[in-house]
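K.L.:
My questions all concern the structure below.
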Amino acid sequence: MPDFSRHPSRMVYLMVALAICLAGLLGAATPILVDLMGGSVAKLLALPAAMLFGLLLIYDRKLTLLLIVVLRAGADNALDLTRFSLGGYMIGIGGVINGIVILLAILLIFERPKAIPQRAYMAWAPFLLITAIGVVHSPFTGESVRLFLQQLSYFSLFIGGYYCVRNQPDFRFCLKLMVWSSLIPVLYSFVDIALHFSGGFRLKSTFAHANIMAFYLTVIITIAFYLFKTLPPKAGLGARCGLVAYLLLMLVLLLLTKTRSAWLATALGFALYALLFDRRFLVYMLVMGVTALFIPGIGDRILDLGQGNEVATYATLNSFAWRVYLWETGLGWMSSVDYIWGKGLQTFYENSVIFFPLAGKIKWGAHSVYVQLLFELGAIGLVAFLWQSISMIKQLAPLVKIDKLAAFSLILIIVNFLICAVSDNMFYYLSYNWYLWFAIGAGCALARSVVVERNAKPVVQSRY
């Protein structure tokens, strides 16, 4: 007797039945869909592509997750072509993939509920709960729900990274996939440079904004550097030279994004590495820093901070002074009660046209995670966010005893996020956050496996 006849309620059979019903429903709605998409081929292909991802999810959940990790960094431009308006909100296959990622995390949790310890959930639970309350509290329901689902997708990638790693080979495999994901953005960077290079050029490659490219590169450079420094002795000279060349190329591309906070975070990372592991890197940093000043536009971005620091009727503010003025006017618009509970998720962006004198008719994000949290979720939301970051660092700490460089690299990624969060809209950079939290999830899983193995048998100390 077939298995589905004896056990019709199994999850896989229920999902197949759901997929068949959904396919029939969509088939009947095809004429309406064609009209809604305006005849755009890219938009019409979005739905079958999303269904393909859904079927792949049924076939192999881990494979689906890893495929998303490899491809997502190079997909922003393609995904933008699939967006269409529905009820006043822009949606597309990117939103469907976000939903698949969240569903994937739910399935993984039910599949192996004990694979992820309670402390991993507790690191995220307060912040996600307060963010959900911020949705209820917000008068801008649609936009606040969208941001909450983005935060939920970041947690889902953290869960995915945790699920994929059981030992050190799994950990290295996941990090290698992350580096491979950079191949499309790096190659497309040459196209972006060829088509758009000018005096005010900022490299964004496959991403929607240069900042996303920059922060994504801070993660990939850190991961690639870790893989280079921990290459096995049998690795050939070609592999070592190739990885060094790729790292140097990514550093040049990072400079071309002209994102100063990402420069600062990367420089701080290499400086800390030099102080803790290898002092020679201080010399390398000095040489590369002086060389970078000769790249067109790089020196101007640094010197720009030295002027335009005063708010006057006809003064032109530099970008940091403009941010400070934005923060002052936003926080000054809050009541004393708002400092405790906030005004609700997405209220800074939506209300910026009211309280910011330089807004014109443009809605501005807070350009600071800390200001945004204080404005939208109050002090309680800011504390929950900091608790999440501190908890992640504590969970990565056991790695120090067997792989200091892995612990250093992953903690550095979190510290870089906290540094860049001072002056940028980090919550909105989906691709960057996905790769960041996938790496942290993988690292926390390795740290947990280390604790378990240490209790079972002696562990050999690594050279780092």
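K.L.:
Extension gain residue 198-residue 264, at 0.36 nm per residue separation less the Cα-Cα distance, in nm?
P.N.:
Full-extension gain reported as 21.4 nm.
K.L.:
Give me a comma-separated list of calculated 3J(HN,Hα) values for the stretch 124-139, in order, Karplus coefficients 6.51, -1.76, 1.60 applied at θ = phi - 60°, integers in Hz, x for any Gly or Pro.
P.N.:
9, 3, x, 5, 5, 5, 5, 5, 5, 5, x, 5, 5, 6, 7, x
K.L.:
Using only Cα atoms, figure out Rg for the stretch 120-464 and give it as a multiple of 2.2 N^0.38 Å.
P.N.:
Relative to the rule-of-thumb radius for its length, the stretch 120-464 sits at 1.04.
K.L.:
Take 258, 401 and order them by how many other Cβ atoms sit within 10 Å, fewest up front. Don't skip to the end; give the middle numbers.
P.N.:
Details: 258 22, 401 15.
Result, fewest neighbours first: 401, 258.
K.L.:
Within straight cross-link reach of residue 204, meaning Cα distance under 20 Å, which lysines are found once same-chain residues fewer than 8 apart are removed?
P.N.:
By straight Cα distance, residue 204 reaches 258.
K.L.:
Order of 425-432, 153-160 by packing, highest average Cβ count within 10 Å first? All intermediate terms of the calculation are to be shown ahead of the outcome.
P.N.:
On the way: 425-432: 21.5, 153-160: 25.4.
Order by mean packing, descending: 153-160, 425-432.
K.L.:
Viscosity 0.692 mPa s, temperature 37 °C: Stokes-Einstein D of the stretch 136-182 from its Kirkwood Cα radius, in µm² per second?
P.N.:
256 µm²/s
K.L.:
Under unit Cβ charges (Lys, Arg +1; Asp, Glu -1), what dipole magnitude, rounded to 20 debye, does the stretch 120-464 have relative to its Cα centre? The partial results should precede the final answer.
P.N.:
Details: 25 positive and 14 negative charges, 259 e Å.
Using only the charged Cβ atoms, the result is roughly 1240 debye.
K.L.:
Report the extension gain between residue 283 and residue 240 in nm, rounded to one decimal, defined as 0.36 nm multiplied by the number of residues separating them, less their alpha carbon distance.
P.N.:
Working it through step by step, the gained length comes to 13.4 nm.
K.L.:
Note the full-extension length gain between residue 129 and residue 103 as 0.36 nm times their separation in residues minus their Cα-Cα distance, in nm to one decimal.
P.N.:
Details: separation 26, 0.36 × 26 = 9.36 nm, distance 1.83 nm.
Using 0.36 nm per residue and subtracting the Cα-Cα distance, I get 7.5 nm.
K.L.:
Across the stretch 260-273, in residue order, what do the Karplus-derived ³J(HN,Hα) couplings come to in whole Hz, using 6.51 cos²θ - 1.76 cosθ + 1.60 with θ = phi - 60° and x for Gly and Pro?
P.N.:
Values, residue by residue: 5, 5, 5, 4, 4, 4, 5, 4, 4, x, 5, 5, 5, 4 Hz.
K.L.:
Would you list, by chain and number, the lysines whose Cα falls below 23 Å from the Cα of residue 114, excluding same-chain residues fewer than 8 positions away?
P.N.:
Candidates past the 8-residue exclusion: 62, 394, 457.
K.L.:
Ok, one more. Could you tell me the relative contact order of the stretch 317-464? Use alpha-carbon pairs under 8 Å, at least six residues apart, and round to a whole percent. Walk me through the numbers on the way to the answer.
P.N.:
Values: 161 pairs, mean separation 34.9, N = 148.
RCO, the stretch 317-464: 24 percent.
K.L.:
Hey, which lysines would be in cross-link range of residue 234, C-alpha to C-alpha under 22 Å, not counting anything within fewer than 8 residues on its own chain?
P.N.:
Excluding near neighbours in sequence, the set is 176, 404.
Any read-out appearing in this document is the output of simple, stated calculations on the displayed coordinates, not a laboratory observation. Not measured: the values here are computed from a predicted model. All Cβ positions, glycine included, derive from the backbone under ideal geometry; neighbour counts span all protein chains shown.
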